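Participant: Mind having a look at this structure? Questions to follow.
The values are calculated or read from the model by the stated rules, or taken from the named source; none is laboratory data. Just so it is clear, the model here is predicted, and its values are computed rather than measured. Cβ atoms come from the backbone with ideal geometry, glycine included; neighbour counts cover every protein chain shown.
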Amino acid sequence: MNATQQTPLPVYDHRPGTGPTLVFLHYWGGSARTWDLVVDRLAGRDLITVDFRGWSRSGSMPGPYTLRRLADDTLAVVADAGVTDYVLVGHSMGGKVAQLVAATRPAGLRGIVLVASGPAKPAAQVTPEYREALSHAYDSDESVAGARDHVLTATELPASVRARISADSRAAADAARTEWPLRGIAEDITEHTRAIGVPALVVAGENDRVEPVGVLRDNLVPYLSRADFTVIPTTGHLIPLEAPADLADALTAFAPAARPPARPGDGLRP
């Protein structure tokens with residue numbers, strides 16, 4: 001992968017291959033490398049992974065760090081990469097960003113995969129008290145470890161992956177770190193999600209404590225006009241790290257179905 005950074009774009013990696021391009025958007029606390037175990041299983045595919053504004057290699061970019069700003073950044077990255085035929089793959093916070101992008105019905109978007117996504121309608125548990133407590137989840141190495149081991153995951157992970165989670169959770173501008181728990185998580189975007197016209201796949205983790213199966217089934221799927229729903233057994237919230245093979249298989253099965261048959265002169269990539 002080759003890193004590309006052109007002000008004011010976030011840093012992203014583009015690995016050329018066959019389309020449609022998969023554009024990966026990470027969770028709150030993640031980075032482009034959150035997807036490494038997934039993209040390693042997608043040999044030959046055209047891929048983009050993004051470090052959101054305020055996170056990881058894009059940590060020095062100025063705010064605001066709102067969901068709509070991240071959505072605008074995503075569209076700018078897609079344009080900068082010259083991609084004209086793509087599927088958005090958003091995890092958690094990245095899933096909510098993906099919904100906002102898809103709602104604009106951009107040219108070339110063929111489908112959307114929402115992995116343990118922030119739902120269109122905030123869950124009942126997202127109270128002001130919950131949001132305030134969540135905003136401190138990444139305050140220290142100890143708090144990150146507690147969130148990682150007791151909330152975010154439901155499976156045993158290798159030490160190297162656990163270390164990656166900890167490092168990425170702390171590698172953010174302070175304002176970027178608090179934007180999601182204090183504001184973004186509570187945004188009701190149901191009217192935007194209803195405007196999505198492309199096929200969607202919603203992927204849930206069986207033992208996800210953050211965005212449980214029931215929340216995604218009740219607060220996300222009903223607002224998507226063309227959605228399939230799948231549950232990955234045993235996994236928690238960090239599906240790209242806990243079940244990368246299962247997720248790669250789901251993406252491989254979905255992406256061709258999301259692409260309409262090519263017609264002469266339609267400009268789609270072979």
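Participant: Scan the range 29-72 for residues that are closer than 21 Å to ALA243 by Cβ and small (Gly, Ala, Ser) and report the count.
Facilitator: Of the residues in that region, 5 qualify.
Participant: Taking the condition out of contact with any strand residue (DSSP E or B) (no Cβ under 6 Å at 6 or more places or on another chain), farther than 30 Å from MET61 by Cα, modelled with pLDDT of 95 or more and buried (at least 23 other Cβ atoms within 10 Å of the Cβ), does ASP208 pass? Lay out the reasoning, then the answer.
Facilitator: Details: out of contact with any strand residue (DSSP E or B) (no Cβ under 6 Å at 6 or more places or on another chain): yes; farther than 30 Å from MET61 by Cα: yes; modelled with pLDDT of 95 or more: yes; buried (at least 23 other Cβ atoms within 10 Å of the Cβ): yes.
For ASP208, the condition - out of contact with any strand residue (DSSP E or B) (no Cβ under 6 Å at 6 or more places or on another chain), farther than 30 Å from MET61 by Cα, modelled with pLDDT of 95 or more and buried (at least 23 other Cβ atoms within 10 Å of the Cβ) - is met.
Participant: Does any residue of the range 132-140 turn out to be of a type outside the set (Ser, Thr, Tyr), modelled with pLDDT of 95 or more, surrounded by 23 or more Cβ atoms within 10 Å (Cβ to Cβ) and not in a loop (DSSP other than H, G, I, E, B)?
Facilitator: no
Participant: Just checking, how many residues over the range 48-83 are among the aliphatic types (A, V, I, L, M), in contact with an Asp or Glu (Cβ under 8 Å, 6 or more places away or on another chain) and over 17 Å from VAL101 (Cβ atoms)? Don't jump to the end; show me each part of the working.
Facilitator: In the first step, residues of the range 48-83 are kept if they are among the aliphatic types (A, V, I, L, M); the result is 48, 50, 61, 67, 70-71, 75-79, 81, 83.
Among the residues that remain, those that are also in contact with an Asp or Glu (Cβ under 8 Å, 6 or more places away or on another chain) are: 48, 50, 67, 83.
Keeping just the survivors that are over 17 Å from VAL101 (Cβ atoms) gives none.
Result for the range 48-83: 0.
Participant: I would also like to ask the following. Consider the range 207-222. How many of its residues are under 18 Å from the mean Cα position of the chain (by Cα) and of a type outside the set (A, V, I, L, M, F, W, C)?
Facilitator: Number of matching residues: 6.
Participant: Further question: Within the range 18-43, how many residues turn out to be at pLDDT 95 or above, part of a loop (DSSP other than H, G, I, E, B) and either surrounded by fewer than 18 Cβ atoms within 10 Å (Cβ to Cβ) or aliphatic (A, V, I, L, M) (or both)?
Facilitator: Of the residues in the range 18-43, 3 are at pLDDT 95 or above, part of a loop (DSSP other than H, G, I, E, B) and either surrounded by fewer than 18 Cβ atoms within 10 Å (Cβ to Cβ) or aliphatic (A, V, I, L, M) (or both).
Participant: ARG170 is checked against (1) at pLDDT below 95; (2) out of contact with any Phe, Trp or Tyr (no Cβ under 9 Å at 6 or more places or on another chain) and fails just one. What number does that condition carry?
Facilitator: Of everything listed in (1) at pLDDT below 95; (2) out of contact with any Phe, Trp or Tyr (no Cβ under 9 Å at 6 or more places or on another chain), ARG170 misses just condition (2).
Participant: For the range 162-174: of the residues being crowded, with 18+ Cβ neighbours inside 10 Å and under 24 Å from ALA204 (Cβ atoms), which is farthest from the chain's Cα centre (by Cα)?
Facilitator: ARG164
Participant: Is it the case that some residue within the range 112-123 is out of contact with any Pro (no Cβ under 9 Å at 6 or more places or on another chain) and farther than 22 Å from GLY236 by Cβ?
Facilitator: Within the range 112-123 (the criterion being out of contact with any Pro (no Cβ under 9 Å at 6 or more places or on another chain) and farther than 22 Å from GLY236 by Cβ), the answer is no, since none of the residues qualifies.
Participant: List pairs: first in the range 227-244 and of a type in the set (Asp, Glu), second buried (at least 16 other Cβ atoms within 10 Å of the Cβ) and in a strand (DSSP E or B), Cβ under 9 Å, 6+ apart or cross-chain?
Facilitator: Going by the 9 Å Cβ cut-off, the qualifying pairs are ASP228/ALA200; ASP228/LEU201; ASP228/VAL202; GLU242/GLY205; GLU242/ILE232.
Participant: Is it the case, given these coordinates, that ASP208 is farther than 25 Å from ASP51 by Cα and of a type in the set (D, E, K, R)?
Facilitator: Answer is no for this residue.
Here's the yes/no breakdown for (1) farther than 30 Å from ASP249 by Cβ; (2) at pLDDT 95 or above; (3) of a type in the set (Phe, Trp, Tyr):
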position: PRO128; (1), (2), (3): yes, yes, no
position: ALA195; (1), (2), (3): no, yes, no
position: VAL198; (1), (2), (3): no, yes, no
position: ASN219; (1), (2), (3): no, yes, no
position: ARG226; (1), (2), (3): no, no, no
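Participant: Does the range 58-90 hold any residues that are part of a helix (DSSP H, G or I), closer than 25 Å to LEU182 by Cβ and over 17 Å from the mean Cα position of the chain (by Cα), and which are they?
Facilitator: none
Participant: For the range 107-127, name all the residues that are out of contact with any strand residue (DSSP E or B) (no Cβ under 9 Å at 6 or more places or on another chain) and surrounded by fewer than 24 Cβ atoms within 10 Å (Cβ to Cβ).
Facilitator: Here is the first cut: in the range 107-127, the ones out of contact with any strand residue (DSSP E or B) (no Cβ under 9 Å at 6 or more places or on another chain) are 107, 119-127.
Scanning the range 107-127 gives ALA107, LYS121, PRO122, ALA123, ALA124, GLN125, VAL126, THR127.
Participant: Having 2 or more residues that are of a type outside the set (A, V, I, L, M) and in contact with a Gly (Cβ under 9 Å, 6 or more places away or on another chain) is the bar; report the helices (runs of 4 or more DSSP H) wholly within the range 182-246 that clear it. Spell out the reasoning first.
Facilitator: Working: elements: 190-194, 213-219, 239-242.
Where helices (runs of 4 or more DSSP H) fall fully within the range 182-246 and carry at least 2 residues being of a type outside the set (A, V, I, L, M) and in contact with a Gly (Cβ under 9 Å, 6 or more places away or on another chain), they are 239-242.
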